[in-house]
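This report refers to the structure that appears directly beneath it.
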Amino acid sequence: MIAYVNGIVEDIAEDNVVLDVGGIGININISGATAARLPGLGKQVKLYTYTNVREDAFLLYGFLSRDELSLFKQCLTVSGIGPKGGLALLSAMDADSLRFAILSGDVKAISKAPGVGKKTAERLILELKGKIGMEDTGIGREVAGLGGAAVTADSPQKREAVEALVSLGYGQAESLKAVNSIPNIEDMDSGEVLKAALRKMF
C-alpha cells in the first residue's frame, strides 16, 4: 500500500522511528538493527515499508533496503511468524546471515532471535529453504553444499576450519561467515584459519 516513506528523523526508539513527512509525524516499526543504522535526529532517511492493516490498527514496518523488506515478507509467509517475529529475526542477524542460516539449516542461529523457538526456526527453514537461492546471499558464495558445513573442494583449509568450529558448538552459518571473512586465506593452513576464525568469533 505504502511503498516507502521519505522524511526527517524526529525520534528514534529501539523498535520504532518517527519520521516527519511534510509536518506529519509517521510512526514506523523497525528492527533493532535498523535503529542502529539510522542517521541522527534531524537527518533525512528513506524507509521501504510493509503495511499491516488490522481491525484495530494500521501499522507500518520500515527497512533501509528493498532486500531486507523482501526477506521480511518471505518470513511472514511462514506459519507462526508475524511482523514482530520478522523484525526479531532481522534484529538478530542481517539479511544475508538469515538467508544463509536458512540455506544451511542452522536452527541454532535462527533460534537466537527473541521469541523464535526451535520449532519455529525449523518451520522457517523447511518452508523457505526452497525459495531462497545461494545467489540471493552475499555470504558463502563459495559454499558447495547447502546441507552441511561444506565449502569448495579447492579450499580444504576452509572446510577443515569450518568443521572444527561446528564441532566446538558454533553454528554452520556463523562458522562459514567467520571463515569466509578472513583475508589472504589461500596462504594459510587449516590451523591458522581456525585461529583467525576464532578471533572473529569473540
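Here, each number is a calculation from the coordinates, and none is a lab measurement. Because the structure is predicted, anything quoted here is derived from the model rather than measured. Here the Cβ positions follow ideal geometry from the backbone for every residue, glycine too, while neighbour counts run over all protein chains shown.
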Please name whichever of Ala36, Gly105, Val193 sits farthest to the positive end of the charge dipole of the chain, dipole taken about the Cα centre and charges placed at Cβ: Lys and Arg +1, Asp and Glu -1. Gly105
Length gained, Asn27-Lys43, 0.36 nm per residue minus C-alpha separation, equals 4.2 nm
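If R₀ is 45 angstrom, what is the calculated FRET efficiency for the pair Ile8 and Arg123, using the beta carbon separation as r and rounding to 0.05?
Calculated value: 0.70.
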Measure of compaction for region 4-64 (Cα Rg per 2.2 N^0.38 Å): 1.03
Gyration tensor (alpha-carbon) shape descriptor, region 65-139, a/c threshold 1.5: rounded
Determine, for Leu126, Leu194, the number of other Cβ atoms within 10 Å of each Cβ, and report the residues in order from fewest to most. Leu126, Leu194
Alpha-carbon radius of gyration plus Dmax, which is the widest Cα pair, for the chain in Å: 18.9, 60
Give, in nm to one decimal, the length gained when the segment between Asp187 and Phe58 is fully stretched (0.36 nm per residue of separation minus the Cα-Cα distance). 40.9 nm
Would you mind computing, in nm to one decimal, how far apart the modelled labels at Arg66 and Ala35 are, each placed 7 Å from Cα along Cα→Cβ? 2.8 nm
For the residue pair Ser167 and Lys200, what label-to-label distance in nm results when each label sits 7 Å from Cα along the Cα-to-beta-carbon direction? 2.0 nm
State the Cα centre-to-centre distance between region 91-135 and region 51-78 in whole Å. 17 Å
Low-density loop trypsin sites (Lys or Arg not before Pro), region 1-80, at most 15 other Cβ within 10 Å, DSSP non-H/G/I/E/B, are Lys43, Arg54
In the structure shown, do any of Lys73/Lys108; Lys43/Lys112; Lys84/Lys108; Lys46/Lys118 have a Cα-Cα gap over 30 Å, and if so which? Lys43/Lys112; Lys46/Lys118
